[in-house]
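Notes to accompany the following structure.
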Amino acid sequence: MRLEFTYQYKNLLFLFYGLFILLYFYARQKSKKRLMRFGNFSTLEKVTESSLFDPSKLLLILHMMAITALILGISSPVVIRTVDVSDTNHVIAFDTSASMFTDDIKPTRFDAAKSASKSFLRSVGNQSDVGLVSYSGKVQRITEGLVPAESLIYEVDELEMGDTAGTATGDALVTASGMFGDVNGSRNIILITDGARNTGVSLNESMDSVRTQNVSVDVIGIGETKGEGGGFDSVSGYNASRASFPNLNQNSLERIASESGGEAFFVYNRTGIEDAFESEVESEEVSNDISQYLNLFGVGILLLEWILKTTSFASIP
């Protein structure tokens, strides 16, 4: 977050600063001379304890704060924040087969993926509609269609291991691609899996359905690598570099991603899963005009100064 404003009035601000400081010292000297006619100024200072706290200096500071706020208020001030946005509609296809409960990623692959999914849904908020399907040997629609993202957090939290053996990835893609209906905007499936399809419709059939619905598929493949390297590798297209993941059929997952215009992310730790989900969210800068708040603050300071001047607070200038 940062504050931006125009600098066209900066010289005016410095001019007022100089005038206030000069007037302060001029008024103080005049007051001293006036008071010396009736008594000892040093003694009066001691009586009013101005050596510990000088009210006139506070009034000068208030003057400068007020003029600063007012000058900034007419200088087109805006607060710029970076926020997560998404104009893409998603369906999360979540592999709930038994292998997802392997604990090579703590506490398990399944729990790490659920946690990252919930963080993704929170970051998207209600800017994007999201659907959810879970699958093992058969597919279960968790939502009938697309719903605001934040409303799915509880549903993801309640996901459990599938009760049918197998990994019906093709069926999950067919089901997920049919959930978009006539929604506007981009359509994307986030496929979370740690294994290859071993039951249900073929990859060719599922890709026909994906292409017909004009859906892209981003694959998050979870598995422990045998080699060295980081926990997050992105593969886009057929010419990307490859690594070895023992439980994944990388060729088929890369094909799903590349033929649909999506990306494949192969991860083997919790951070890698979180990074893969973060790549699904775009950031943009949003600006908010705060001129009215600065102007109100400046007027409030002037009002406070006037109140102080009408009390015994300013007994010694």
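The values are calculated or read from the model by the stated rules, or taken from the named source; none is laboratory data. Source: prediction; values computed, not measured. Cβ sites come from the backbone with ideal geometry, for glycine too, and all protein chains shown count toward neighbours.
Give me the residue from segment 168-191 that is over 27 Å from Val281 (Cβ atoms) and touching a Phe, Trp or Tyr at 6+ places or on another chain (Cβ under 8 Å) and, out of that set, modelled with the lowest pLDDT. Checking each candidate, the answer is Ala168.
For every residue, the table says whether it meets (1) touching a strand residue (DSSP E or B) at 6+ places or on another chain (Cβ under 6 Å); (2) in a strand (DSSP E or B); (3) surrounded by fewer than 20 Cβ atoms within 10 Å (Cβ to Cβ).
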site	(1), (2), (3)
Met64	no, no, yes
Leu72	no, no, no
Leu121	no, no, no
Ser134	yes, yes, no
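Going through (1) surrounded by 18 or more Cβ atoms within 10 Å (Cβ to Cβ); (2) at pLDDT 85 or above one by one, Asn204 falls short only on (1).
Suppose we filter Thr169, Thr199 for residues that are of a type in the set (Val, Ile, Thr), under 20 Å from Asn249 (Cβ atoms) and buried (at least 24 other Cβ atoms within 10 Å of the Cβ); which single one remains? Sole residue among the options that is of a type in the set (Val, Ile, Thr), under 20 Å from Asn249 (Cβ atoms) and buried (at least 24 other Cβ atoms within 10 Å of the Cβ): Thr169.
In the condition set (1) among the aromatic types (Phe, Trp, Tyr); (2) at pLDDT below 90; (3) part of a helix (DSSP H, G or I), Phe110 is compliant with all but (2). Filter segment 172-190 down to residues that are surrounded by 13 or more Cβ atoms within 10 Å (Cβ to Cβ) and either assigned to a loop (DSSP other than H, G, I, E, B) or in contact with a helix residue (DSSP H, G or I) (Cβ under 7 Å, 6 or more places away or on another chain) (or both), then give me how many there are. Residues in segment 172-190 being surrounded by 13 or more Cβ atoms within 10 Å (Cβ to Cβ) and either assigned to a loop (DSSP other than H, G, I, E, B) or in contact with a helix residue (DSSP H, G or I) (Cβ under 7 Å, 6 or more places away or on another chain) (or both): 8 in total. Among residues of segment 297-308 being surrounded by fewer than 12 Cβ atoms within 10 Å (Cβ to Cβ) and not β-branched (Val, Ile, Thr), the one that is modelled with the lowest pLDDT is Trp306.
Can you find even one residue in segment 84-103 that is assigned by TED's automatic domain parsing to the domain that holds Asp194, without any contact (Cβ under 8 Å) to a residue 60 or more places away in the chain and not in a loop (DSSP other than H, G, I, E, B)? No, because not a single residue in segment 84-103 is assigned by TED's automatic domain parsing to the domain that holds Asp194, without any contact (Cβ under 8 Å) to a residue 60 or more places away in the chain and not in a loop (DSSP other than H, G, I, E, B). Annotation note: of Val130, Val201, the sole residue that is assigned to a loop (DSSP other than H, G, I, E, B) and of a type in the set (Val, Ile, Thr) is Val201.
Do you know which of the residues in segment 16-25 that are surrounded by 12 or more Cβ atoms within 10 Å (Cβ to Cβ) and without any contact (Cβ under 8 Å) to a residue 12 or more places away in the chain is farthest from Asn288 (Cα to Cα)? Per the stated criteria, the residue is Leu23.
For segment 139-159, a residue qualifies if it is part of a loop (DSSP other than H, G, I, E, B) and either touching a residue at least 40 places away in the same chain (Cβ under 8 Å) or not assigned by TED's automatic domain parsing to the domain that holds Gly178 (or both), and the qualifying residues are Leu146, Leu159.
Here is a list of conditions, (1) of a type in the set (S, T, N, Q); (2) surrounded by fewer than 12 Cβ atoms within 10 Å (Cβ to Cβ); (3) modelled with pLDDT of 85 or more; (4) not in a helix (DSSP H, G or I), and Gln292 meets all of them except one; can you say which number that is? Exception for Gln292: condition (4).
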